[in-house]
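**Student:** One structure, as structure tokens, below. Some questions next.
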Amino acid sequence: MAEFKKKKTNSFWHSPLALGILFCVVVLFIYSMVGLIQKERETAQKKSLILDQIDTLHKREVVLNNDISKLETDEGVEETIRDKYQLAKPNEKMVIIVDDQKDPVQTPEEKNDHSFWSWVKKLFSK
């Protein structure tokens, strides 16, 4: 009959105190994992933004290198000066097109304000 007696070596792990402590540890682990997943998503978003910035910078570098190589030639320098400063060579004619303004800019005093309040202001300002 001594063979069927319960051994008390495993009774601690089956106690409510041990199970409560184990549950708290598991909850803390899950909470930490959720925080890590959120941080990983934020890092992935930041990484994609930075990679986009790097891509635009590489494209800009290519454009600037093309501009630099263009400026190393006499034709490129001449074209840049003509575009930027609107210059012409000697004995060369230049045509400048000016748009007509249909509505001249009016100052606030010139605007025709037909409200009652403006009529009263005009009445007492004279």
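Every read-out reported here was derived from the displayed coordinates using simple, explicitly stated rules and does not represent laboratory data. Because the structure is predicted, anything quoted here is derived from the model rather than measured. Cβ coordinates were reconstructed from backbone atoms using ideal geometry, including for glycine residues, and neighbour counts include every protein chain displayed.
**Student:** Given Cβ point charges of +1 (Lys, Arg) and -1 (Asp, Glu) and nothing else, what value in debye, to the nearest 20, does the dipole of the stretch 15-88 about its Cα centre take? Mind dumping the intermediate values first?
**Tutor:** Details: 9 positive and 12 negative charges, 153 e Å.
Approximately 740 debye in magnitude.
**Student:** Please compute the modelled spin-label separation between Ala44 and Val98, points set 7 Å along Cα→Cβ, answer in nm with one decimal.
**Tutor:** 6.1
**Student:** Let me spell out the model: positive unit charges on the Cβ of Lys and Arg, negative unit charges on the Cβ of Asp and Glu, origin at the Cα centre of the stretch 7-52. What dipole size does that give, in debye rounded to 20? Before the final figure, lay out each step's value.
**Tutor:** Working: 6 positive and 3 negative charges, 53 e Å.
In debye, rounded to 20, the stretch 7-52 gives about 260.
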